[in-house]
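Q: Below: one structure in structure tokens.
Laboratory data are not the source of any read-out in this text; all were calculated from the coordinates shown. Note that this is a predicted model, so its numbers are computed, not measured. Neighbour counts are summed over all protein chains in view; Cβ atoms, including those assigned to glycine, are modelled from backbone coordinates with ideal geometry.
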Amino acid sequence: MSGGRKSAKGKRMIYLIAAIAGLAGALFGFDEGVIAGALAPLRRDLGIDPVTDAAAEGLMTAAVPFGAFIGAIVGGRLAAAAGRRKLLLWAAVLFVGGALLSALAGGLVTLSLARLVIGFAVGVAAMMAPLYISESAPAKQRGMLVSIYQLAITLGILGAYVVGYAFDENWRWMFAMGAVPAVLLFAGIFAMSDTPRWLAMRGRGAEAKAALARMREKPESDPAVAAEYAEIQAAVAEDEGRKATFADLVSPRVRPALIVAMGLFLLQQLSGINAVIYYAPTVFQLSGFDSAATQILATAGIGVVNVLMTVVGMMLIDRLGRRLLLLIGFAGTAVSLGAIAIAAATDSAALDTLALAGLVLYIASFAIAIGPLPWVMMSEVFPLDCRALGMSIASLVNWGFNFIVVFSFPVLVAEFGLAGVFGLYAVVCVAGLAFTQWLVPETNGVSLEEIERHLRSGRPLRELGRLHAA
Ligand code: BGC
């Protein structure tokens, strides 16, 4: 009986950690998606012209991913000295400050600055939360928690769309709502200690052991706690002797993993997803939907499809394998983007339905594979000693190209029209098919140690799946 009680109790901590993952992911998604509903009233209130002010509008919108890029660099550098907990607390404070500043902004410049602050917080939190989770969660639950994080991103985007719908024309309230998950994140993190691994790294052994015992909800004298603590100490001692460097990342052993992780994020972003996530109502308008209410409603529909298909993707990942799922995803996005481009190029009302069907298929194909898989694979392909550094470089690629797409979208649309821009994204998705076919290994059911042995053997990474399947 006490075992049953223990396991139910032991789960509480996992729920708490999952909630932190969820809140950080939700903030990531909310701050990406909120601009979609806010843009039309903003254009009206601040007198932004989508054609002549395209670059200023792009900069203001893209200030979030740009800030996130910087936040990820700074967060990565400060993580060792300041600790995961303290950085998450600071990020939560910045989230609240940025949300209030953007709600009160009087013009484009203040708004861009406020969004830069929010972006910075997103970058720090989006880096610290997965680190906090992977250093606190029991090994068995790590994968599940990575998926919860991606699901939370999509729920945050949906939440932003719902807020956009609920507050109708009031962009100030839309931005202010971003403070709510941030306050919850602050309260949640405040109640927790830093991770046992970070405390051990700082030489605070007694605190590390106490934190571990608390997280496992067992007494410090418990043999399982002692064994896990000894493992952490051994790993910390090993790390001290050897720090991964950029030279390690590009060495022949690790390079194939770096190419897969960076390549998948590059393709994920250049598939144009955030042109749709940030500018959905504009995309609907350009595809021929004239009423503002229809545009916002269709946008919320996009948010729902994104969430539901992410759940479907999570269920399929271990059944179909990574490669097949990615091939399906890139094929679906390439075809649907092509269809939208055709519909947008032709002004006929009959093609509106094609544009809508295209957008739904596009989001579904993205969410089932191209959304979650880069996150999952970046946590699988790197050898242990290079995992943290590799993951931070991969997330910089994610934010860097997120910025490029979001900034360039209004400018490119003003120049080439929606058809031209979506045609370009379609070509990238075709390249994604080739990239997957030739370079992405099948890691489904392969242990992390086996992946690491394979990298060390010098055989092409892509053969991993083939050998495994044979
Ligand atoms: C991407 C985000 C994107 C989101 C959409 C994530 O995996 O990294 O840039 O907005 O998926 O659901």
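Q: Principal axes first, then extents: for the Cα atoms of the chain, list largest minus smallest coordinate on each axis, whole Å, largest first.
A: 71, 54, 48
Q: Still on this model: Could you sort 192-198, 366-372, 53-59 so that the peptide with the highest average Cβ count within 10 Å comes first and the rest follow in order?
A: 366-372, 192-198, 53-59
Q: So what's the back-of-envelope 222 nm ellipticity for the chain, counting only DSSP H runs of four-plus at -39500 (n - 2.57) apiece and dividing by all residues, rounded to 500?
A: -28000 deg cm²/dmol
Q: Would you kindly derive the ³J(HN,Hα) couplings of the range 260-266 from the backbone phi angles with the Karplus curve 6.51 cos²θ - 1.76 cosθ + 1.60 (θ = phi - 60°), listing them in order in whole Hz, with x for Gly and Pro?
A: Calculated HN-Hα couplings, in order: 5, 5, 5, x, 5, 6, 4 Hz.
Q: Out of residues 5 or more away from Asp194 or on other chains, whose amide H comes under 5 Å of its own, with H placed 1.01 Å from N in the peptide plane?
A: none
Q: Next up: For the range 243-333, compute Rg over Rh where Rg is the Cα radius of gyration and Rh is the Kirkwood radius from the inverse mean 1/r over Cα pairs.
A: 1.13
Q: Which whole-Hz couplings ³J(HN,Hα) result when phi for each residue of the range 244-252 is put into the Karplus expression 6.51 cos²θ - 1.76 cosθ + 1.60, θ = phi - 60°, listed in order with x for Gly and Pro?
A: Rounded to whole hertz, the list is 5, 10, 4, 4, 5, 5, 9, 5, x.
Q: Quick one: plug the Kirkwood hydrodynamic radius of the range 368-438 (C-alpha pairs) into Stokes-Einstein at 4 °C, 1.567 mPa s, and report D in µm²/s.
A: Stokes-Einstein gives a translational diffusion coefficient of 91 µm²/s.
Q: From the Cα trace of the range 58-169, what convex hull volume per residue do you get, rounded to a whole Å³?
A: 110 Å³
Q: Can I ask one more? Need one word for the range 186-305: rounded, prolate or oblate. Basis is the Cα gyration tensor (sqrt eigenvalues a ≥ b ≥ c); a/c below 1.5 gives rounded, then a/b vs b/c decides.
A: oblate
Q: Taking N as the number of residues in the range 7-60, what is its alpha-carbon radius of gyration divided by 2.2 N^0.38 Å?
A: After normalising by residue count via 2.2 N^0.38 Å, the value is 1.91.
Q: Which order results if Tyr279, Tyr132 are arranged by neighbouring Cβ count within 10 Å, fewest first?
A: The fewest-first ordering by Cβ neighbours comes to Tyr279, Tyr132.
Q: Additional query: Can you list the HN-Hα couplings for the range 329-335, worked out from phi with the Karplus curve (6.51, -1.76, 1.60; θ = phi - 60°), rounded to whole Hz and with x for Gly and Pro?
A: The phi angles translate into x, 5, 5, x, 5, 4, 5 Hz.
Q: Something else: State the Kirkwood hydrodynamic radius of the range 81-133 in Å, one decimal place, computed from all pairs of distinct Cα atoms.
A: Averaging 1/r across every pair of different Cα atoms and inverting gives 11.4 Å.
Q: Can you tell me the dipole magnitude for the chain around its Cα centre, using point charges on the Cβ only (Lys, Arg +1; Asp, Glu -1), in Debye to the nearest 20?
A: 1580 debye
Q: Tell me, what is the FRET efficiency for Glu231 and Ala357 to the nearest 0.05, using R0 = 45 angstrom and their Cβ-Cβ distance as r?
A: Calculated transfer efficiency: 0.30.
Q: Can you pull the percent of Cα pairs in the range 342-470 with separation above 17 Å?
A: Result for the distance tail: 70 percent.
Q: Here is a follow-up. Based on the mean of other Cβ atoms within 10 Å per residue, sort peptides 32-40, 395-403 so the most packed one is first.
A: Those peptides, ordered most packed to least, come out 32-40, 395-403.
Q: Sticking with this one: Would you please calculate the Kirkwood hydrodynamic radius of the range 265-309 over all C-alpha pairs and express it in Å, rounded to one decimal?
A: 11.1 Å is the Kirkwood radius here.
Q: Right, something else. Kirkwood-based Rg over Rh for the range 44-96 (C-alpha set), two decimals?
A: My calculation puts Rg/Rh at 1.20.
Q: Could you list Met174, Met215 in order of exposure, starting from the residue whose Cβ has the fewest other Cβ atoms within 10 Å?
A: Fewest-to-most Cβ neighbours within 10 Å comes out as Met215, Met174.
Q: Then there's this: For the range 195-235, which GluC sites (Glu not before Pro) are both in a DSSP coil and crowded by at most 14 other Cβ atoms within 10 Å?
A: Passing both the DSSP loop test and the Cβ count: Glu220.
Q: If you average 1/r over every pair of different alpha-carbon atoms in the range 304-380 and take one over that average, what Kirkwood value in Å do you get?
A: It is 12.9 Å.
Q: Take Lys209, Lys86 and order them by how many other Cβ atoms sit within 10 Å, fewest up front.
A: Lys86, Lys209
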